[in-house]
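Read through the structure below, which is laid out as structure tokens, and then see the notes.
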Amino acid sequence: MIAILLCAGFATRMYPLTRNFPKPLLKVGGKPVLDYLMDQLLVLPQMESIHVVTNGLFYKNFLEWKSGWKKVSREYDIDIHLYNDGATVNENRLGAVKDLALTVKSLKTIAPAIVAAGDNVFRFSLKPVAQRFIKTGKNIVIALEEIDEVNKEQKGVLEVGPDNRVLRFYEEPIEASSHWACPPVYFLKPSALDYIEEYAARPDAGDSPGYFIEYLVGKEPVYAIKVNGSRLDIGTIESYEAARKILTSEPLILFRKL
């Protein structure tokens, strides 16, 4: 199993904080946002490599970040690969979907993959979901119960059948039709990743990775695992400040021994 982490956005809604610094590397609770995800990925026994895609403007920042993980990644025998999509300003960005396609195309072999956004803090364990993913060989997304109507209108929303198969996926619904929200961390089979280049080439392809899941649901079965927990989406300065307060005041779940 591999992980593909999408970190190539310019986060214009968070200027001036992110004008010259990547959002996934902003510190919350004493460490970069992305490091919370790394702590979870490194302890997955099936994990072989982690692939991080960023842009040309922030590539040097991620090179420095990667060097800080050198010792730990060696301890876990997990390779970290860094990709530069070449974009230097928001106006010529590729978008997360095309960044995913770029990364998948760069892989020597396509393995089962965890695809995740690098600007979220997932406050639940990925390990049991990853174990189910490897055991069943099915495409899996996570379903979090969210009652906040405003939040659901901005995020992926799931309609799930009695067998937990995803019937519909709405990345940015005008009106929420379900209380099951899907955070941007997806467990995808190699056959699912085969569709990414096809979808990215469509003239109507969306920018966010959730749009690909919306497309994938119509191509092959995707199942949801309902999880107790929450996620902190760092999308605005307000949500960043809220995350800092939460992660400073509340005890942290340690997924990796320090």
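Of the residues making up segment 51-65, those that are surrounded by fewer than 16 Cβ atoms within 10 Å (Cβ to Cβ) and assigned to a helix (DSSP H, G or I) are Lys60, Leu63, Glu64.
Would you mention how many residues in segment 138-167 are farther than 18 Å from Asp233 by Cβ, at pLDDT 95 or above and open to solvent by less than 60 Å² (accessible area, probe 1.4 Å)? Of the residues in that region, 2 qualify. Evaluation of Tyr211 against the conditions (1) part of a helix (DSSP H, G or I); (2) more than 23 Å from Leu126 (Cβ to Cβ); (3) not small (Gly, Ala, Ser) shows that the sole unmet condition is (2). If only residues of segment 108-123 that are in contact (Cβ under 8 Å) with a residue 40 or more places away in the chain and open to solvent by 10 Å² or more (accessible area, probe 1.4 Å) are counted, the one that is farthest from Val185 (Cα to Cα) is Ile110. Summed over segment 91-107, residues that are aliphatic (A, V, I, L, M), in contact (Cβ under 8 Å) with a residue 60 or more places away in the chain and farther than 13 Å from Asp207 by Cβ total 2. Take Arg13 and decide whether it is in a loop (DSSP other than H, G, I, E, B) and basic (Lys, Arg). The answer is no for Arg13. Taking the criterion of being surrounded by 18 or more Cβ atoms within 10 Å (Cβ to Cβ) and without any contact (Cβ under 8 Å) to a residue 12 or more places away in the chain, the residues of segment 1-50 that qualify are Thr18, Asp35.
Just name the residue that is surrounded by the fewest Cβ atoms within 10 Å (Cβ to Cβ) out of those in segment 203-230 that are more than 18 Å from Val160 (Cβ to Cβ) and without any contact (Cβ under 8 Å) to a residue 12 or more places away in the chain. Among them, the one singled out is Pro203. Taken over segment 70-88, the criterion of being in a loop (DSSP other than H, G, I, E, B) and open to solvent by 70 Å² or more (accessible area, probe 1.4 Å) is satisfied by Tyr76, Asp77, Thr88. Every listed requirement among (1) in a strand (DSSP E or B); (2) aliphatic (A, V, I, L, M); (3) farther than 24 Å from Gly137 by Cβ is met by Val115 save one, (3).
The values are calculated or read from the model by the stated rules, or taken from the named source; none is laboratory data. Computed from a predicted model, the values in this text were never measured in an experiment. Here the Cβ is made from the backbone with ideal geometry for all residues, glycine too, and neighbour counts use every protein chain on show. Ligands, DNA and RNA are excluded from the accessible area calculation, which covers all protein heavy atoms including side chains. Shrake-Rupley method; radii C 1.70, N 1.55, O 1.52, S 1.80 Å.
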